Structure formats: structure tokens, C-alpha cells
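Chemist: Questions regarding the structure given below will be posed in turn.
The values are calculated or read from the model by the stated rules, or taken from the named source; none is laboratory data. Quantities reported herein were computed from a predicted structural model and do not represent experimental measurements. Cβ: placed from backbone, ideal geometry, glycine included. Neighbour counts: every protein chain shown. Only protein heavy atoms, including side chains, enter the accessible area calculation; ligands, DNA and RNA are left aside. Shrake-Rupley method; radii C 1.70, N 1.55, O 1.52, S 1.80 Å.
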Amino acid sequence: MTFKTLDDLGNLSGRRALVRVDLNVPMDGSRVTDTTRIDRVLPTIRELADKGARVVLLAHFGRPKGAVVPQMSLAPVAAALSDRLGRPVAFAADCIGAAAASVIDGLKDGDVALLENTRFHAGEEKNDGAFADALAALGDIYVNDAFSAAHRAHASTEGLARRLPAYAGRTMQAELEALASALTTPVRPVLAVVGGAKVSSKIDLLENLVKKVDLLVIGGGMANTFLAAKGVSVGKSLCEHDLADTARRIMDAAAAAGCEIVLPVDAVVAREFKAGAASETVAVDAVPEDAMILDVGPASVANVAAKIDAAATLVWNGPLGAFEIEPFDIATVAAARHAAGRSSNGSLTSVAGGGDTVAALNHAGVADDFTYVSTAGGAFLEWLEGKVLPGVVALEN
């Protein structure tokens with residue numbers, strides 16, 4: 001796909017730039033506890049403001065379902081944004097109408113304003129034409145910098161892009177370019193590492209990846225379902241035995257597409273799921289009936305490392321084991337650090353995303369060493385599943 005970016009903008013002096021951002025940040029009362037999403041959109045805001053635009057930010061917060069819910073106001077976020085941005089951020093008590101227009105009319109070139117939660121209006125999630133028109137009346141150009149909301153056909157993500165000249169912000173641009181480098185136009189061989197608890201939550205993902213990648217490493221609890229589908233006893237491990245046919249279908253599709261599926265060859269097992277539980281390493285076909293698999297073993301880690309060494313591109317989603325609890329984080333940490341090392345020296349393009357994935361990479365201390373780590377959650381997964389993202393399609397030239 002092709003799309004316009006901030007590089008395609010001309011003179012912005014006096015122009016109102018409506019910028020869709022993701023400010024759905026974690027809060028403790030009125031205090032923002034994690035500014036990661038704020039920090040991600042700062043480059044776009046600064047660039048537009050420094051070029052003379054009057055920057056008007058649109059965002060949602062929580063799920064108010066079209067009603068005004070005071071606890072979901074963006075007012076406290078405006079203060080945190082101002083602090084991180086290092087310049088004042090005006091706040092409007094509504095995202096359309098007189099309240100919004102009044103604040104925007106008071107902006108000078110280079111000023112920034114944040115409008116109230118777009119989801120306080122039912123027209124947002126319905127992508128209502130009249131609501132999209134009311135938003136569009138407030139701006140001259142539209143910039144989407146919220147890839148994390150691009151899988152929703154909402155008024156502020158899709159409708160606006162149909163009504164104003166539309167551009168991708170720097171965060172959106174980086175995300176799209178990273179994903180293109182991972183799956184659309186990758187350097188081969190391409191390796192995907194997919195982990196997590198259940199196959200049922202990632203059927204679409206697996207079915208799409210086996211058609212796109214050369215190697216697929218399956219770890220976490222979902223690997224147990226594939227092992228069981230091959231006739232391996234996994235004891236008391238988390239396993240979706242009712243999805244054995246699905247697992248076999250995915251393995252058959254991989255074989256037909258020339259994609260090698262890599263499953264664990266050994267496992268770390270324990271009788272109880274708690275930190276510091278007594279554990280042992282066994283071959284996957286020797287799991288005791290009263291034990292559960294909580295991590296892959298050292299031979300499996302070495303195998304994954306070898307596959308990483310052979311790959312030119314890596315897509316990572318999900319941990320290899322129960323990384324939240326020691327000592328069952330060892331495999332995920334080791335594999336992540338190995339991938340990070342190859343990424344740091346420029347021999348591997350690595351793209352990772354998904355909530356557990358980001359947490360696992362942060363736990364391993366290597367999130368900054370991957371080529372790109374997406375914080376987009378659902379949108380990242382839907383892209384990997386091969387689904388159409390309305391907010392992205394709307395930006396296409």
C-alpha cells in the first residue's frame with residue numbers, strides 16, 4: 001500500500017491539523033501510571049507544531065459506550081501530555097460543537113489542544129456520518145497516528161480520513177513500515193515465534209502465518225495442543241484437546257505451503273504452578289502424568305536459537321513459557337536475548353507485538369534492541385491475521 005506521510009505536507013502555518021492519537025493510558029485515579037503511549041505520539045505532535053500547525057488531538061479513553069462518564073474524561077491525560085511534551089496543552093470539554101470550536105479558535109500557530117473523549121458520543125463507534133462531519137469541520141487536514149485503533153471503523157479513525165486530506169503520523173508510519181518489512185516484503189527466510197496459552201485465540205493468526213513464513217516456532221501452552229494432536233501425552237498441562245483436529249489442519253497447511261513447524265523437544269515440568277516450584281526437565285514424550293509443562297527446555301531453546309540464526313526476518317508474538325513466574329521464564333528470556341543480539345548487530349529484522357510479548361521482552365530487558373516493538377495490541381494481531389484494518393485502508397492513496 002502507499003500512503004501520504006508528514007513528508008508530503010506543505011506549509012502548515014495557520015492550518016488546523018486533526019490528529020488521531022492513542023491516549024488510552026493506564027491511570028491510578030487522576031494520575032497516569034505509564035506514559036508509553038503518550039511518548040509514542042510526541043514526535044508527530046512536535047513536528048506538526050514546529051511547522052506551524054495548530055495541532056488538535058482526538059482520542060478515546062475507556063469504553064463509555066456513547067455516554068459522558070466523568071471517570072473516563074481525558075482532562076487528567078492533558079496534564080500528563082503537557083508535562084511530557086514540554087509545552088502547554090489546551091483542553092476542550094467536548095470533541096465537537098461550540099466547546100471544541102472555542103478552544104481551537106484560541107490556538108495560535110504551534111499550539112496544541114486535546115479534545116474530550118470521542119467515545120462520549122455514540123456516533124464515534126458507529127462511524128456516523130453526521131458525527132464525522134462535525135469532527136471534520138474543526139480541521140483542515142487529518143493525521144492518523146493511532147495504529148492501535150486502526151482496526152476499528154470509527155468516525156475518528158476511518159470517517160475523518162474520507163473527509164479531509166489524510167496523512168500517516170510518524171508512529172503510524174513506523175508501524176506500517178515495520179509490518180511491511182516483516183510480512184509484506186520481507187527478507188527471507190522469515191521465522192515466526194508464536195506462543196501463549198491457547199490455540200483457540202490464535203487460529204486465524206496461525207492459519208495466516210503458515211502461508212507467509214518459512215518457519216514457525218510454536219511455544220507456550222498452545223504447543224501442548226499441537227503435541228497432543230501428534231499423540232504425545234502432556235500430563236496435566238494446559239491443553240485444548242478438543243482442538244486436535246484444528247492443530248492437525250494447521251500442520252497440514254504448513255506442510256503444503258512449505259512452512260516448517262518447530263515444536264518443543266524437551267520441557268520444564270512441575271507439579272504445581274507457583275514461583276519457585278520444584279521442577280525438572282524431561283523429553284516431551286516423557287512428561288509425567290501428574291505434572292504440567294510450564295516452559296520449554298534447554299534443547300528446545302537451542303533449537304529456537306539455531307532457527308533465529310538461520311532467519312533474516314523474525315516476527316514474534318507470545319512467550320515460550322509461563323514467563324511471569326520464575327523459574328519458568330528462562331526459555332523466553334534466553335530466546336529473546338538471542339534475537340535481540342542478532343537484531344542489534346544488524347543481521348536480523350525483528351518485529352514483535354502483543355501485550356504478553358511486550359511484557360516478556362521488557363522482562364528480558366531487550367525491548368529496545370528489537371527492530372520494532374508494537375504496542376498496538378489488537379490491531380497488531382489483526383494485521384498478522386491478514387485482516388483488513390479500516391483505519392489503514394482509509395489512508396491509502
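Chemist: Please report Rg (one decimal) and Dmax (integer) in Å for the Cα set of the chain.
Modeler: 23.1, 71
Chemist: For Asp290, put the label point 7 Å out on the Cα→Cβ axis and report which residues of region 229-248 keep their amide N under 18 Å from it.
Modeler: 234-238
Chemist: Still on this structure, I have one more. Carbon-plus-sulfur fraction of the accessible area of region 1-117, 1.4 Å probe, in percent?
Modeler: Values: 2480 of 5230 Å².
Looking at region 1-117 in its full context, I get 48 percent from C and S.
Chemist: Packing-wise, with mean Cβ within 10 Å as the measure, how do 311-321, 54-64 rank, highest first? Kindly include the intermediate steps, with their values, before the conclusion.
Modeler: Details: 311-321: 25.5, 54-64: 23.5.
Going by the mean number of other Cβ atoms within 10 Å, highest first, we get 311-321, 54-64.
Chemist: Sticking with this one: With each pseudo-label sitting 7 Å past Cα toward Cβ, what's the Ala75-Ser201 distance in nm, one decimal?
Modeler: Distance between the two pseudo-spin positions: 3.6 nm.
Chemist: As a quick test, which of the pairs Lys236/Lys387; Lys198/Lys274; Lys212/Lys274; Lys4/Lys307; Lys198/Lys387 have an alpha carbon distance above 29 angstrom in this structure?
Modeler: Table pairs above 29 Å Cα-Cα are Lys236/Lys387; Lys212/Lys274; Lys4/Lys307.
Chemist: Give the accessible surface of the chain per residue, rounded to a whole number of Å², with probe radius 1.4 Å and ligands, DNA and RNA excluded.
Modeler: Accessible area per residue: 39 Å².
Chemist: Given the Cα-Cα distance of Asp28 and Asp245 and 0.36 nm per residue of separation, how much length would full extension add, in nm?
Modeler: Here the answer is 73.7 nm.
Chemist: Separate question: For region 1-63, compute Rh as the Kirkwood radius over C-alpha pairs and then the Stokes-Einstein diffusion coefficient at 37 °C and 0.692 mPa s; write the answer in µm²/s, rounded to an integer.
Modeler: Once the numbers are plugged in, D ends up at 247 µm²/s.
Chemist: Continuing with this model, one more query. Is the C-alpha gyration tensor of region 99-157 telling us rounded, prolate or oblate? Criteria: a/c under 1.5 is rounded; beyond that, a/b larger than b/c is prolate, otherwise oblate.
Modeler: It is prolate, given that a/c is not under 1.5 and a/b is the larger ratio.
Chemist: A further question follows. Summing -39500 (n - 2.57) over the DSSP H runs of n ≥ 4 in the chain and dividing by its residue number, what mean residue ellipticity at 222 nm do you reach, to the nearest 500 deg cm²/dmol? Intermediate values should be presented prior to the final figure.
Modeler: Values: 14 runs with 138 residues, N = 397.
Per the formula, -10000 deg cm²/dmol.
Chemist: Using only the Cα atoms of region 294-397, what semi-axes does the equivalent ellipsoid have when each is the square root of 5 times a gyration tensor eigenvalue? Give whole Å, largest first.
Modeler: 26, 16, 12
Chemist: I would also like to ask the following. Given a 1.4 Å probe and the protein chains all in place, what does the accessible area of Arg84 round to, in Å² to the nearest 10?
Modeler: 100
Chemist: What is the set of long-range amide H partners of Thr371 at a cut-off below 5 Å, with H atoms built 1.01 Å from backbone N?
Modeler: Excluding prolines and chain starts, which carry no amide H, the hits are Ser350.
Chemist: Compare the peptides 87-98, 345-356 by average per-residue count of other Cβ atoms within 10 angstrom and give them in order, highest first.
Modeler: 345-356, 87-98
Chemist: I've got another one for you. When a/c is below 1.5 the answer is rounded, else prolate if a/b is larger than b/c, else oblate, so apply that to region 56-143 with a ≥ b ≥ c taken from the square roots of the Cα gyration tensor eigenvalues.
Modeler: It comes out oblate by the Cα gyration axes.
Chemist: Shifting gears a bit: Stretched out fully, how many nm does the piece from Ala101 to Asn397 gain, at 0.36 nm a residue minus the Cα gap?
Modeler: 103.6 nm
Chemist: What ranking of Thr185, Thr33 comes out by heavy-atom accessible area, probe 1.4 Å, highest first?
Modeler: From most accessible down to least: Thr185, Thr33.
Chemist: Carbon-plus-sulfur fraction of the accessible area of region 223-286, 1.4 Å probe, in percent? Walk me through the numbers before you get to the answer.
Modeler: Working: 1640 of 3210 Å².
Here carbon and sulfur together make up 51 percent of the probe-accessible area.
Chemist: Pairs of Cα atoms under 8 Å, at least six residues apart: use those to get the relative contact order of the chain, whole percent.
Modeler: Once divided by the residue count of the chain, the mean separation gives 16 percent.
Chemist: Under 22 Å from the Cα of Lys65, which lysines turn up, not counting those fewer than eight places away in the same chain?
Modeler: Lys126
Chemist: Let me ask another. If you build the Cα gyration tensor of region 183-296 and take the root of 5 times each eigenvalue, what three semi-axes come out, in whole angstrom, biggest first?
Modeler: On the way: eigenvalues 144, 42, 28 Å².
Whole-Å semi-axes of the equivalent ellipsoid: 27, 14, 12.
Chemist: Next up: Whole number please: convex hull volume per residue, Cα atoms of region 112-225, in Å³.
Modeler: Taking only Cα atoms, region 112-225 has a hull volume of 148 Å³ per residue.
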